[in-house]
1. Which condition from (1) open to solvent by less than 60 Å² (accessible area, probe 1.4 Å); (2) closer than 21 Å to PRO9 by Cα; (3) not β-branched (Val, Ile, Thr) is the one that ALA259 breaks?
2. Among the numbered conditions (1) of a type in the set (S, T, N, Q); (2) touching a residue at least 60 places away in the same chain (Cβ under 8 Å); (3) more than 20 Å from CYS248 (Cβ to Cβ); (4) open to solvent by 50 Å² or more (accessible area, probe 1.4 Å), tell me where THR72 comes up short.
3. Which one of ALA186, ALA169, ALA229 is part of a strand (DSSP E or B), hydrophobic (A, V, I, L, M, F, W, C) and under 24 Å from HIS61 (Cα atoms)?
4. Are any of the residues in the range 147-161 modelled with pLDDT of 95 or more and either buried (at least 19 other Cβ atoms within 10 Å of the Cβ) or part of a helix (DSSP H, G or I) (or both)?
5. Under 6 Å between Cβ atoms, which residue pairs at least 6 apart in sequence (or on different chains) link something in the range 40-54 that is at pLDDT 95 or above with a partner that is open to solvent by 40 Å² or more (accessible area, probe 1.4 Å) and of a type in the set (Val, Ile, Thr)?
6. If you take the residues of the range 189-209 that are touching a residue at least 40 places away in the same chain (Cβ under 8 Å) and not in a helix (DSSP H, G or I), which of them is most open to solvent (accessible area, probe 1.4 Å)?
7. Exactly one condition in (1) over 21 Å from MET219 (Cα atoms); (2) surrounded by fewer than 18 Cβ atoms within 10 Å (Cβ to Cβ) is not met by HIS28; state its number.
Amino acid sequence: MYLPVPPQPDCVSAWREAVRLVDAQPGHHEYNVLIDVANPLARASLADPVVAAVDAFHDAHRAKRIETVANTIFPAGLYRRYGSPQFYDRFRDNVLPKVRSKENWSGYYFERMMTLPQPEGKPINQLAEIIGRLKNPSVRALNKFELSVFDPARDVDGSPYGGQCLSFASFKLIGSGNDRKLGLTAMYRNHYYIEKLLGNLIGLGRLLQFVCEESGAQMGPLTILSTHARIDTDKWNRSDINSLLEICDQANAELAAAA
């Protein structure tokens, strides 16, 4: 059982089409929804009217705003300000102490990407390790750049809610020669499409951009597998969700007419 979303050119188009398809399913949810975005940097900021509309909806409903959701995956502002590797330390020393509410889960996927605990010794910075191998000409593997987020020692408990939803990510070198590009596939165990999907697409696109910039790879596509996707009808009124989607569709129609 799976639901493929037709390949989309940008984050906004991918979000809207995925929402449309999942919303049409019985119960407004589906399993194994597959989303592919050709350019995850396109239409990925508040300058886009659809992103701005979704952000305003989140703000009005006291949900996490788009930048907040994106920053849980990759703190782009911190990276632009301090560069790599300094921004890792800034994140650990300045950001985490302010946001951590539970010992096992800070709410930031980026923390687990840069600090994978080991039974003995220093935690592994998975991102730095992946970038190092991508830059190393002696590494011949094209599909062995894996990023673990789910941790059974910390994440398996009695609660059906909360904790990490992004479980795993995999970078792949696609193509050959000068046409070779780095793609990213991310797997979610549970995915709210109104509250989280657009911010997740933007954050993952920025993560992919970072790895490409630091490794010298060309940027390729972003793919998301939502093993369970749902429209947030358990959180917000159906009429409010419909109003948001109407605003987004109108904004898209105006952009298309102006093109």
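1. All conditions pass for ALA259, except number (1).
2. (4)
3. None of the other options fit; the residue is ALA229.
4. Yes, there is a match, as at least one residue in the range 147-161 is modelled with pLDDT of 95 or more and either buried (at least 19 other Cβ atoms within 10 Å of the Cβ) or part of a helix (DSSP H, G or I) (or both).
5. ALA53/ILE247
6. If we take residues in the range 189-209 being touching a residue at least 40 places away in the same chain (Cβ under 8 Å) and not in a helix (DSSP H, G or I), then LYS196 is most open to solvent (accessible area, probe 1.4 Å).
7. All conditions are met except number (2).
The values are calculated or read from the model by the stated rules, or taken from the named source; none is laboratory data. Because the structure is a prediction, the values reported are computed rather than measured. A quick note on method: Cβ atoms are made from the backbone with ideal geometry, for glycine too, and the neighbour counts reach across all protein chains shown. Heavy atoms of the whole protein, side chains included, go into the accessibility calculation; ligands, DNA and RNA do not. Shrake-Rupley method; radii C 1.70, N 1.55, O 1.52, S 1.80 Å.
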